[in-house]
Structures are given as C-alpha cells and as structure tokens.
Amino acid sequence: MNVVRVDKYVWKIPKEGKMKVDAFVFTDSESVNDPQFREAMKQLVNVATLPGIVKYALAMPDIHWGYGFPIGGVAAFDVKEGIISPGGVGFDINCGVRLMITDLRYEDVRDKMRKLVETIYEFVPAGVGSTGDIVLGKKSLRKVLVEGAVWAVKAGYGLDEDLEKIEDYGRIQPADPNYVSEEAFERGGDELGTLGAGNHFIEVQMVEEVYDEELARSFGLEVGSVTVMIHSGSRGFGHQVATDYIRLMRDKLKEHNKDLPDKQLINAPFEHPLGQAYYSAMNCAANYAFANREIIGHLVRKAFWKVFGRETNLSLIYDVAHNIAKLEEYEIDGKRMKLVVHRKGATRSLGPGNEKIPEAYREIGQPVIIPGDMGTASYLLVGTRKAEEKTFGSTAHGAGRMLGRSAALKRWSYREVLSALEGKNIVVMSKSKKTLVEEAPEAYKDVDRVVHIVHELGISRKVARMVPVGVVKG
C-alpha cells in the first residue's frame, strides 16, 4: 500500500487495482506509521472499491479497525449508481453524543459530586442488557420509530425546546416500521432510557478552557461552567436492524456482492428495494436513538433536581449522530450531486448558513461534539464551510481506540484504573468492573491531538474543552 504525504496532516493512498477513487487520511506522521493504523487503512482502501463511490474515501484522525468500514471513515455514494452498506453505518445505528449546559459552576457541585453521580446511576439504567422503566408494546414502539425525540417529549421525557437543538430536530425520515423485524421490536421494547455498556457514558464535566469567547457565549459556556455529556445509541434495537439487513443482503444479493474484497462490506444498491428497506429501517433505529438520548437527558435533569433542587436548569446545547448514512447534496467537480454519505465514527460538520442546521445555530455552524474517554477531555466545536467543500461536511467523532478490549484487560486491573481516576478527582460509578478496565483512558488515542488536527485542517473549529469530574459507565 502506497501512502503519500500531501500536507502536514493529509496522506493520500493513490487509486490502484480495484480502487475506483483515491483514499485520504487525516492524521499525523506518528499515527500513520503505527501498524494498527495500517490495518485500518487497508479497510479504507477496500471502501474505495465499492460501486458508485464519489471523489474519494476519507478517514478522520480517530480512525481504527471496524466492521468492514474503518471507524472514523467517511464515504459518499451517488444515489443512482451507488450503494448503502450496514458496515458503513455500524451496528450501533445513531450512536451519538448529547451535550447539556447547567446553570451551576464547579464550586457549586464539587462537594456533592459523589451524591450526584450516585443519583444519576440510580436514575439511568446502565450495563449490558440493561432495561428501564419504559416498557412499550409494538404499537407504541412504532410511534417511537417514526417520531424519535418528538415522541419522548410528548411522553413527558424532555422539553419542547430540546427539539430545536437536535440534529434533524430529533426525527429522520423516511422511517417505516414495516421494514423492521419482529426480533428488533422485541429487543427494543424495554431498552429506551438506558445507557448500555462499552464506551457509552454519562459525564458531569467542567469547562476548563475556552478557545473562542464569542462562540462560547452563544452556547452559554465559560470557564468553570458545569456541563453534562451523554454518549449512547440505539441499543439492541439498532444492532438487530444491522444484523437483519446484513443477512438479507447476503442471501438476496449474492451476485451483486460476489466480488467484495471483504465480506463485511456487504451492501445493496441504494435504489434497490432492499437498499431502500435498509435505509428506512436504519432511520427507524436512528429515531430510536434520538428518543433514547432525549429520555436519558431528562432523567439526568431529574437527578440534578433531586440533588440541587428543581430550580436548577439543564438546557440542551446539541445532540448529534456519529454512526449514520444520510442523503445530502454536495458540489462534485462543479456539479451539484445527491449523495448517500456514510459516516461511521464521524460527525457531521456543516458550516454557517447551511439549511440542514437547526435554526438556533444556523448562523454559527453546526455544533460538533467530540468526546474523550473518562480521564481525558471532551470538546465542543462548530462546523465549517471548508468541511462541506473537502470532507462531505464531516469531522472526527472521538479519540478512537488504540488498544483492544482484551489487551486492556491484560494490561490493567480495576483497582489501577479506579485509582488513576480518583487521583484526578474524578468520581466514577460503573455497572461492570470489566467495562471500566476495557475503557481505560490509556486504551484510546490522545483526543487533544485528534481535535488539534481537525481544527488545523479547518474542518471544524474549537470552541471549548471540558474535563470530567463525575462519570457513570455501564
């Protein structure tokens, strides 16, 4: 594999063999020479061979190995000639991040942090297979799949004003529940309002640094402000949707998929009935995830109210997806084209004035949320027009794993990870000791480096840096 340096943080893999387009990776020289990184780049090369891919295959600086597509990958396909692939979205459809701002300052919460974390842990079910108090029959769940966060607000699990600050207003169309299997309905019936496990978390954070005071003020942020970040997705429901359609595409589109360089790249032509069915079912799962984060956000509000009183205000800054495929239009070689943009572990980063941005933020650009992991920082950024021109309106989504979960378990003990976090004055509660070790901060790339690269490239602009002071894990 020939990797050519184009600029300080831009690397090109020229088109060769079965590649239909070049591949580009945004990273630094240290990462590009890492053997694990090279494995993920092989996946990016495979993506560049898929039918109807437009312009180039892209990888953000948090790139790492995934199912078929690398995590941190972006690829756009022509709607007429191109495909849609479950591997290009991921099993956790609309895994995403929500950031909320409180009217408290760190000195207000410091002495009550243990009580607050315990209360959040009590209010929000977490862990593998966790179920919540919301148990829905098929009829009600169908409404969730169509209405997304709108359903949650109607049901009393959120505020009307929240909907103005969610990507796509918390409801994506088309979303037809008739394309969803009975198995998915069964798995989704009792998991709304639950965090899950793995890298999902709820963090109470403090704003440590502000990079753009004017932008920060527009979000209500200043140094010392207390924020809450929620990272979760579509739970078992989304996983089942992905599983169902991977199986269907293997069974019904064998001829179409016979020459794939990796069977995990299984796909359907976007305009094929099966491609359209997956697209609609995927949107149902995305709406489930929006509803899930809306409910979790409101449960966190209630936890704050219990500890600090009902006069405490928690308002939503933004809620954004980072595992999704969307129909969007971009200019390609001077021609406006409708594309199926796959973002797998990548965040949409639209610039000021874009009509797809909720009105509240249209003048400044789409808010971009890039979380770290437990002992590290998280960032709020805004999207740029340069991202629309260069990366199909995309940027990074997080730190990105550097060490596998089994390797992390061999390297650290629960007590070591817990002690390290306590040494940073971070209060942690986790449903599973194993998960806490698997998600040790050292298992991830340096989020500060990732954010520095996307900021320097101009595909998103830094607004503020937050550090965790309380963490709930599955």
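Considering segment 106-143 alone, what residues qualify as being part of a helix (DSSP H, G or I), under 20 Å from K302 (Cβ atoms) and of a type in the set (D, E, K, R)? Before you say what the answer is, go through the steps one by one.
Pass one, segment 106-143, residues part of a helix (DSSP H, G or I): 106-123, 138-143.
Checking which are under 20 Å from K302 (Cβ atoms) leaves us with 108-109, 112-123.
Correct list: D108, K112, R114, K115, E118, E122.
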>> Going by what's in this entry, would G233 be described as small (G, A, S), at pLDDT 95 or above, within 15 Å of G96 (Cβ to Cβ) and crowded, with 24+ Cβ neighbours inside 10 Å?
In response: yes
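Does V146 satisfy being surrounded by 21 or more Cβ atoms within 10 Å (Cβ to Cβ) and part of a helix (DSSP H, G or I)?
no
Quick grid of which residues meet (1) touching a strand residue (DSSP E or B) at 6+ places or on another chain (Cβ under 7 Å); (2) part of a loop (DSSP other than H, G, I, E, B); (3) without any contact (Cβ under 8 Å) to a residue 24 or more places away in the chain:
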| residue | (1), (2), (3) |
| --- | --- |
| T49 | no, yes, no |
| G68 | no, yes, no |
| F77 | yes, no, no |
| N94 | yes, yes, no |
| L99 | yes, no, no |
| L104 | yes, no, no |
> Only one of (1) part of a helix (DSSP H, G or I); (2) in contact with a strand residue (DSSP E or B) (Cβ under 7 Å, 6 or more places away or on another chain) fails for Y245. Which number is that?
Replying inline: (2)
> Which one of these is more than 28 Å from P468 (Cα to Cα), among the charged types (D, E, K, R) and in contact with a Gly (Cβ under 7 Å, 6 or more places away or on another chain): D22, D78?
Replying inline: D78
>> What's the number of the only condition in (1) surrounded by fewer than 24 Cβ atoms within 10 Å (Cβ to Cβ); (2) assigned to a helix (DSSP H, G or I); (3) not polar (S, T, N, Q) that M429 fails to meet?
In response: (2)
> How many residues are buried (at least 17 other Cβ atoms within 10 Å of the Cβ) and touching a helix residue (DSSP H, G or I) at 6+ places or on another chain (Cβ under 9 Å) when one looks only at segment 319-353?
Replying inline: 16
> Considering segment 432-474 alone, what residues qualify as being part of a strand (DSSP E or B) and not aliphatic (A, V, I, L, M)?
Replying inline: Y444, R461, K462, R465, P468, G470, K473
>> Among the residues in segment 261-270, are any more than 30 Å from I317 (Cα to Cα), at pLDDT 95 or above, of a type in the set (F, W, Y) and part of a helix (DSSP H, G or I)?
In response: no
>> If a residue must be in contact (Cβ under 8 Å) with a residue 60 or more places away in the chain and either surrounded by fewer than 22 Cβ atoms within 10 Å (Cβ to Cβ) or over 18 Å from the mean Cα position of the chain (by Cα) (or both), how many such residues does segment 51-63 contain?
In response: 4
> So, of the residues in segment 332-341 that are free of Cβ contacts under 8 Å to residues at least 24 places away in the same chain and assigned to a strand (DSSP E or B), which turns out to be nearest to A285 (Cα to Cα)?
Replying inline: R336
> When the residues of segment 176-204 are filtered to those that are within 27 Å of L327 (Cβ to Cβ) and crowded, with 24+ Cβ neighbours inside 10 Å, which remaining residue is nearest to the chain's Cα centre (by Cα)?
Replying inline: L192
> Across segment 381-409, what is the number of residues that are under 26 Å from C95 (Cβ atoms) and in a helix (DSSP H, G or I)?
Replying inline: 9
> Does any residue of segment 288-303 turn out to be surrounded by fewer than 21 Cβ atoms within 10 Å (Cβ to Cβ), among the hydroxyl-bearing types (S, T, Y) and farther than 24 Å from I426 by Cβ?
Replying inline: no
> Which residue pairs have Cβ atoms closer than 8 Å, lie 6 or more positions apart in sequence or on different chains, and pair a first residue in segment 126-148 that is basic (K, R) with a second residue that is crowded, with 18+ Cβ neighbours inside 10 Å?
Replying inline: K138/F185; K138/G189; R142/P177; K143/W151
> Does I357 satisfy the condition of being of a type in the set (A, V, I, L, M, F, W, C) and out of contact with any helix residue (DSSP H, G or I) (no Cβ under 8 Å at 6 or more places or on another chain)?
Replying inline: yes
> Hey, any hits in segment 219-231 for a residue that's touching a His at 6+ places or on another chain (Cβ under 8 Å), under 27 Å from A440 (Cα atoms) and not β-branched (V, I, T)?
Replying inline: yes
>> As an exercise: evaluate S406 against (1) hydroxyl-bearing (S, T, Y); (2) closer than 18 Å to Y318 by Cβ; (3) modelled with pLDDT under 95 and give the number of the one condition it does not meet.
In response: (2)
> G372: modelled with pLDDT under 95, farther than 18 Å from I172 by Cβ and either in a helix (DSSP H, G or I) or not basic (K, R) (or both), yes or no?
Replying inline: yes
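The values are calculated or read from the model by the stated rules, or taken from the named source; none is laboratory data. For clarity, every value in this text was computed on a predicted model and none was experimentally measured. Here the Cβ is made from the backbone with ideal geometry for all residues, glycine too, and neighbour counts use every protein chain on show.
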